[in-house]
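Engineer: What follows is a structure written as structure tokens; I'll ask about it next.
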Amino acid sequence: MADPPAAPENPGNPSGDVGPADPHRPGGPSGTTIVIGLVVTFVLVLVGGLVLRANDDGRTSTAADFSGNLLPEPRPRPDFELVDTSGEPFDFATETDGELTILFFGYANCPDVCPITLATLSEALELVRGVDAKVVFVSVDPERDTPEQIRAYLDRFDSRFIGLTGTPEQLKAAQVAAGVTPAYNDGPNERGGYDVGHSSQVIVFTPDDLGRLVYGFGVRQDEWAADLERVRDNRDWWPQ
Amino acid sequence: MSVRPWSLWWTCSIFMTEDGDVQFWCAASSDPWSWTPKPYVGVWLAMAALVVFYMRAWRRHRPDRPLSRLERRKPWWFGLGVALLWVATDWPVGALGAGYLASLHMLQFMIYTLGVGPLLLLGIPDWFLDHARQQRWWQVVRTLSRPLVAGLLFNAVLLSTHAPVTVDLLRATQIGSFVMDVVWFAAGLIVWLPVLNPDSTLRHRSPAVRAVYLFLAVGALPMLPGGFLVFASGPLYRTFELAPPVFDISATVDQQLAGLIMKVGNLPIVWPVLLVLFVKWSRADQAVAPPPPRPAVDVLAGTAPSAGAESADS
């Protein structure tokens, strides 16, 4: 920061206050009134924002209102077999039987939806320690995503996340079994590769082996955390 | 040739389509971040308008006398201020701060309020204001130059424009993002008015008051919201939480970095200025200090002033 230039002080203003108002100025609201109005406006915006925020947070407090969509007809846990990141066969229905499971289809070169979703899930699970959920990521880009690459990718978020891959036919069958739209090559991108169009749905299977909740893109960490807590506590929404 | 504001606005609005290659102002986007530069025509127009305004005012109001060395430096201060404003508003900093990283959003705010504001005020010579002082709105500048008013207004802007709802609402659109940047720009000028006002009669007379004002308004109070950002349990801003990732840092870490910038980012600016103000204060104190007492021998010789005269002098 440069040295501010020395300026002559105001010898006629010993109080140190700014000078007197111009007595010849036209009428109308004074500067003080305008400034007070501006301050009040800002404070109102702030308070309004906080009220809106509080109401928004309260949204998840009602019994049936999840941030995800509660399916009226729960889906059965799909039965498909793929390969995990250590190269071993992974039977989804058997390996996740009776466990809270979060299933997501994506790919490691995804520039937006996949990293945001995985980061959100990772942070949400940190917020609700004690929720024992298996997060299963199924790659829909078998050309580029080797098991090693999937492992390295998932480790950026959470080393407990399970990564699966398979042949294009196996992956398509897995997506159909899970009830999501199969992925497709979305053409070249500006990064010199290609994008894959895929479903952004995240499906939550409860320990009774039914897919009851489906999340679209855009659910926040605190919303995920609140829902996962409710699922863990089995409070009020799934049959005993 | 005169340009009506509404026609300029209409021209700019052509570029306000969210999906066009050329956009008006940086706003949040769901597109993955790319290091390919993007043009923001509104930013260029705003910078050009500032420079043209300054050059015209310089030619129109320049006095018929040789300019002092300090006055000749002023265009450089102003130019540096505009350059900083451009860096903070245009791609990549403006685009990253508008929609990808809370830390860059905070850095933008710091550049606007701690760099651009003081530099632009330093770049305005006193004789620019001869015409302005006759205007009705000058009364507003006088009021804004009061430390209490400027400090309150600046911190009201700081709080309201960093509230999650405001950021998420305004950064989502180009016009909203433009409004936020204009408010920051104004706040950056206002907060420095009591200290660096081009009209020296509107600066607070006491360097001590200026120093305390600067410490409280710019140095101390922003530490509170900065602390909220650092110690929040999760991301507060939807815009940055759900933005495509950049630099591979999580939304929480990015927000903590933003809080840290808010808490300590002012130190390299505020403390050197405080030091200058304290030096001035010290010099002013020395200037009005009473003369040293005369040697005892003078008193004994009967040459010391009388008690009444001493009292009158002090």
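Engineer: Could you tell me the calculated FRET efficiency between A:Glu99 and B:Leu148, based on Cβ-Cβ distance and R0 = 41 angstrom, to the nearest 0.05?
Structural biologist: 0.10
Engineer: Using Cα pairs closer than 8 Å and at least 6 residues apart in sequence, work out the relative contact order for region A:168-240, in percent.
Structural biologist: Contact order relative to length: 16 percent.
Engineer: Assuming R0 = 60 Å, can you tell me the calculated FRET efficiency for the pair B:Arg133 and A:Arg232, based on Cβ-Cβ distance, to the nearest 0.05?
Structural biologist: After rounding to 0.05, the efficiency reads 0.30.
Engineer: Taking a cut-off of 28 Å between Cα atoms, list the lysines near B:Lys74, but don't count ones fewer than 8 places away on the same chain.
Structural biologist: B:Lys280
Engineer: Here's something else I'd like to know. Determine ³J(HN,Hα), in whole Hz, for all residues of region A:169-178 in sequence, where each value follows from phi through the Karplus function 6.51 cos²θ - 1.76 cosθ + 1.60 and θ = phi - 60°; x replaces Gly and Pro.
Structural biologist: Each residue's phi maps through the Karplus curve to give 5, 4, 5, 5, 5, 5, 5, 5, 5, 7 Hz.
Engineer: Right, something else. Over the whole of B:274-285, what's the average partner chain Cβ count within 10 Å per residue? Rounded to a whole number, please.
Structural biologist: Average neighbour count from other chains, rounded to a whole number: 1.
Engineer: Let me ask you something else. Per-residue Cβ counts within 10 Å, from other chains only, averaged over B:248-254: what number is that?
Structural biologist: What the average comes to for B:248-254 is 3.
Engineer: For the ranges A:97-110, B:90-103, what's the packing order if you count other beta-carbon atoms within 10 Å of each residue, average per peptide, and put the highest first?
Structural biologist: B:90-103, A:97-110
Engineer: Taking R0 as 30 Å, what FRET efficiency do you get between A:Asn185 and A:Arg160 from their Cβ-Cβ distance, rounded to the nearest 0.05?
Structural biologist: 0.50
Engineer: Say each of A:Glu73 and B:His61 gets a label point 7 Å from the Cα, pointing the same way as Cα to Cβ; how far apart are those two points in nm?
Structural biologist: 7.5
Engineer: Once amide H atoms are built 1.01 Å from N in the peptide plane, which residues 5 or more positions from A:Lys134, or in another chain, come under 5 Å H to H?
Structural biologist: So A:Lys134 has HN proximity to A:Leu100, A:Thr101, A:Ile102.
Engineer: Okay, moving on. Within the set of other residues whose C-beta is less than 14 Å from the C-beta of A:Ala173, count the net charge using Lys and Arg as +1 and Asp and Glu as -1.
Structural biologist: Net charge in that neighbourhood comes out at -3.
Engineer: OK, next. Just need the relative contact order of chain B here, percent rounded to a whole number, with Cα pairs under 8 Å and 6+ apart.
Structural biologist: 20
Engineer: Ok, one more. Enumerate by residue number the chymotrypsin sites (Phe, Trp or Tyr not before Pro) in region B:32-99 meeting two conditions: DSSP loop (anything except H, G, I, E, B), and at most 10 other Cβ atoms within 10 Å of the site's Cβ.
Structural biologist: Passing both the DSSP loop test and the Cβ count: B:Trp35.
Engineer: Moving on to the next point. Using amide H atoms built 1.01 Å from N in the peptide plane, name the residues 5+ places from A:Phe105, or on other chains, whose amide H lies under 5 Å from its own.
Structural biologist: Under 5 Å from the amide H of A:Phe105 lie the amide H atoms of A:Val138, each far enough along the sequence or on another chain.
Engineer: Once you list every other residue whose beta carbon is under 11 Å from the beta carbon of B:Phe278, what net charge do they have if Lys and Arg are +1 and Asp and Glu are -1?
Structural biologist: Computed value for this residue: +2.
Engineer: Residue by residue through B:239-246, how many Cβ atoms from other chains fall within 10 Å of the Cβ on average?
Structural biologist: Across B:239-246, the average partner-chain Cβ count within 10 Å equals 4.
Engineer: What are the extents of the Cα atoms of region B:5-286 along their three principal axes, in Å, largest first?
Structural biologist: Largest first, region B:5-286 extends 56, 45, 31 Å along its Cα principal axes.
Engineer: Take each complete run of DSSP H in chain B, measure how far its Cα atoms stretch along the helix's own axis, and keep only those covering 27 Å or more with mean Kyte-Doolittle hydropathy at least 1.0; list them.
Structural biologist: Those that clear 27 Å and a mean of 1.0 are B:174-196, B:267-288.
Engineer: Now for a different question. Less than 30 Å apart at the alpha-carbon level, and either on another chain or at least 8 residues along: which lysines does that give for A:Lys134?
Structural biologist: In chain and number order, the partners are A:Lys172.
Engineer: Please give the residues of region B:111-146, grouped as numeric ranges, whose backbone N is less than 20 Å from a label point set 7 Å along the Cα-to-Cβ vector of B:Arg69.
Structural biologist: B:122-126
Read-outs: derived from the displayed coordinates by stated rules, not from any lab. Bear in mind the structure is a predicted one, so any value in this text is a computation, not a measurement. Reconstructed Cβ throughout: ideal geometry from the backbone, glycine too, with neighbour counts over all protein chains shown.
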